[in-house]
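Undergrad: Mind having a look at this structure? Questions to follow.
The values are calculated or read from the model by the stated rules, or taken from the named source; none is laboratory data. Nothing here was measured: the structure is a model prediction, and the numbers come from that model. All Cβ positions, even for glycine, are placed from backbone atoms using ideal geometry, and neighbour counts span all protein chains on display. Side chains are part of the model used for accessible areas, which takes the heavy atoms of the whole protein and leaves out ligands, DNA and RNA. Shrake-Rupley method; radii C 1.70, N 1.55, O 1.52, S 1.80 Å.
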Number of protein chains: 4
Amino acid sequence: MSQEADKTREVLLEFSMTPLDKGASVSTYVARSLDIIDRSGLPYRLNPMGTVLEGTCSEVQAVVGDCFERMRQDCERISIGIKIDYRRGREGRLTGKIESAQAKVGRPLRTD
Amino acid sequence: MSQEADKTREVLLEFSMTPLDKGASVSTYVARSLDIIDRSGLPYRLNPMGTVLEGTCSEVQAVVGDCFERMRQDCERISIGIKIDYRRGREGRLTGKIESAQAKVGRPLRTD
Amino acid sequence: MSQEADKTREVLLEFSMTPLDKGASVSTYVARSLDIIDRSGLPYRLNPMGTVLEGTCSEVQAVVGDCFERMRQDCERISIGIKIDYRRGREGRLTGKIESAQAKVGRPLRTD
Amino acid sequence: MSQEADKTREVLLEFSMTPLDKGASVSTYVARSLDIIDRSGLPYRLNPMGTVLEGTCSEVQAVVGDCFERMRQDCERISIGIKIDYRRGREGRLTGKIESAQAKVGRPLRTD
């Protein structure tokens with residue numbers, strides 16, 4: 001990756017990471033990931049189905065990697081879903097996409 | 001589906017629906033879906049990568065179906081991603097999952 | 001949905017459906033879904049991460065719904081991932097997309 | 001990551017990578033990714049909705065990264081979906097999961 005390209009926070013990445021070998025209650029494991037995300041310093045938003053990170057390619061990859069390394073220490077089977085929206089040169093989309101959507105709809109929408 | 005089962009709002013469904021034949025800016029089309037979602041009356045939360053609905057199976061399916069019917073009217077190719085978390089008999093998870101995660105982490109997390 | 005629109009098998013739908021409360025080995029539950037899919041008569045392809053169905057909107061929805069109804073009978077928490085590729089008026093894409101990709105690459109690719 | 005852990009091909013990763021700014025026909029861009037995947041030497045299977053790779057964490061990440069670097073050279077907006085199934089110490093699941101499913105169902109299923 002060119003170094004210049006990797007200075008722009010042009011990546012939105014949503015992910016969820018779930019152990020499959022721990023039964024129906026997985027909040028202990030999810031909380032450890034959230035702690036890593038929150039301490040990373042990257043802009044993020046938690047939602048009921050995952051967490052959205054904003055950063056450069058390297059930044060968001062590093063956070064997902066750290067969560068995985070932690071979880072694999074005591075989980076034997078892990079399912080991960082990742083969705084990436086890359087838009088060249090655009091930053092601030094963690095809040096900007098929602099603002100733009102609300103402006104288009106013409107009224108406030110539920111976001112929290 | 002048993003009618004009893006379908007009275008409980010035990011489904012969280014996150015989805016995003018994107019036309020592929022309209023270029024890089026798709027906010028006009030996304031806004032129409034958000035209008036449908038907001039008018040549906042179902043509890044929901046918009047995030048930068050999708051929308052999370054809470055409802056019975058039938059309720060959440062109906063909203064996704066309505067958004068699709070609207071978008072296919074003038075879009076020839078559409079990509080849809082859906083993620084469902086079903087938990088028998090549990091309601092209120094649209095807010096409950098986040099509260100429980102914050103309690104486990106022991107400090108507030110960014111959610112809006 | 002217009003009845004005419006729903007006669008064309010213009011939807012490709014990939015899905016995976018996993019119980020979260022049954023431990024790391026879920027093949028018994030997955031096999032029941034595969035049995036439903038195979039008996040449905042719809043064109044499909046199984047891959048190591050999910051199953052791709054081809055059909056009308058109603059047809060693919062019905063198969064996913066049947067799998068869910070079966071799984072919820074004895075699973076308390078279920079995670080479902082669905083990805084849809086809709087292309088107006090195009091049929092035969094279950095095999096056509098791969099053939100077209102191989103033609104573009106100019107050599108055979110691993111598909112089974 | 002411990003070096004030992006990263007010698008085992010215990011990761012199945014399915015992904016699809018689509019430009020959003022190129023109209024409804026994206027096969028030219030998809031073919032370039034498939035060429036990279038096929039030349040990588042990693043075990044993979046192409047299906048109508050994505051490609052499944054089998055490898056170590058580092059191996060599968062590298063292939064996805066190469067495809068992204070190539071696509072971002074001339075695409076301004078890119079959507080990526082990734083699904084990972086990690087199972088500690090298990091190799092050969094690219095073919096093994098399907099064989100096991102067929103054995104459970106008790107008859108051959110469509111896989112190609």
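Undergrad: Under the definition of partner shielding as Cβ atoms of other protein chains within 10 Å of a residue Cβ, what is the mean value for peptide B:43-56?
TA: For peptide B:43-56, the averaged partner shielding equals 6.
Undergrad: Under a plain spin-label model, where a point goes 7 Å from the Cα along Cα-to-Cβ, how far apart in nm are D:Thr8 and D:Ala62?
TA: 2.0
Undergrad: On the rotation axis linking copies C and D, which residue of C comes nearest by its Cβ, and by how many whole Å?
TA: Its Cβ sits closest to the axis: C:Asp112, 2.
Undergrad: Do the alpha carbons of any pairs in A:Lys83/C:Lys7; B:Lys97/D:Lys97; A:Lys104/C:Lys7; A:Lys22/B:Lys83; C:Lys7/D:Lys97; A:Lys104/D:Lys83 sit beyond 23 Å of each other, and which pairs?
TA: Table pairs above 23 Å Cα-Cα are A:Lys83/C:Lys7; B:Lys97/D:Lys97; A:Lys104/C:Lys7; C:Lys7/D:Lys97; A:Lys104/D:Lys83.
Undergrad: Quick one: putting +1 on the C-beta of Lys and Arg, -1 on the C-beta of Asp and Glu, what dipole do you get for chain C around its Cα centre, in Debye to the nearest 20?
TA: Using Cβ point charges on Lys, Arg, Asp and Glu, chain C gives about 480 debye.
Undergrad: Right, next: Using only the alpha carbon atoms of the range B:33-82, find the Kirkwood hydrodynamic radius as the inverse mean reciprocal pair distance, in angstroms to one decimal.
TA: Answer for the range B:33-82: a Kirkwood hydrodynamic radius of 11.5 Å.
Undergrad: Heavy atoms of the protein only, probe of 1.4 Å, neighbouring chains included. What is the accessible area of D:Tyr44 in Å², nearest 10?
TA: It works out to around 10 Å².
Undergrad: Quick one: accessible surface of C:Ser16, probe radius 1.4 Å, all protein chains present, in square angstrom to the nearest 10.
TA: 30
Undergrad: Could I ask something else about it? Kindly give the distances from A:Asp6 to its copy-mates, label point to label point, with each label point 7 Å from Cα along Cα→Cβ, as nm values to one decimal ordered shortest first.
TA: 1.4, 5.1, 5.2
Undergrad: Where in the range A:31-96 are there trypsin sites (Lys or Arg not before Pro) that are in a DSSP coil and have at most 15 other Cβ atoms within 10 angstrom of their Cβ?
TA: A:Arg88
Undergrad: Also: Can you sort B:Asp6, C:Asp74 by solvent-accessible area, 1.4 Å probe, largest first?
TA: The most accessible residue leads, giving C:Asp74, B:Asp6.
Undergrad: In addition: List, shortest first and in nm to one decimal, how far the label point of B:Asp66 (7 Å from Cα along Cα→Cβ) is from its counterparts in the other copies.
TA: 2.9, 4.2, 4.7
Undergrad: Let me ask something else about it. What are the label-to-label distances in nm, one decimal and shortest first, from B:Gln102 to the same spot in the other copies, with labels 7 Å along Cα to Cβ?
TA: Ordered by distance, the counterparts are at 1.8, 5.1, 5.4 nm.
Undergrad: Within 10 Å of each Cβ in peptide B:93-105, how many partner chain Cβ atoms are there on average? Round it to a whole number, please.
TA: Taking the mean over all residues of the peptide, I get 4.
Undergrad: How big is the shadow of the Cα convex hull of the protein assembly as shown, averaged over all directions, in nm²?
TA: The directionally averaged projection comes out at 19.8 nm².
Undergrad: So, one more: Note down the accessible area of D:Leu13, probe 1.4 Å, to the nearest 10 Å².
TA: 10
Undergrad: Moving on. Using only Cα atoms, what Kirkwood radius does chain D have, in angstroms?
TA: 15.3
Undergrad: If you don't mind, another one. Which part of the range B:49-67 falls in the paramagnetic zone of A:Asp112, meaning amide N under 14 Å from the point 7 Å along Cα-to-beta-carbon?
TA: none
Undergrad: 7 Å from Cα along Cα→Cβ at both C:Glu69 and C:Gln102: what's the point-to-point distance in nm?
TA: 3.7
Undergrad: Moving to a separate point now. Using helices alone, what [θ] at 222 nm do you get for the protein assembly as shown, with -39,500 (n - 2.57) per DSSP H run of 4 or more residues, divided over all residues and rounded to the nearest 500?
TA: Computed ellipticity for the protein assembly as shown at 222 nm equals -12500 deg cm²/dmol.
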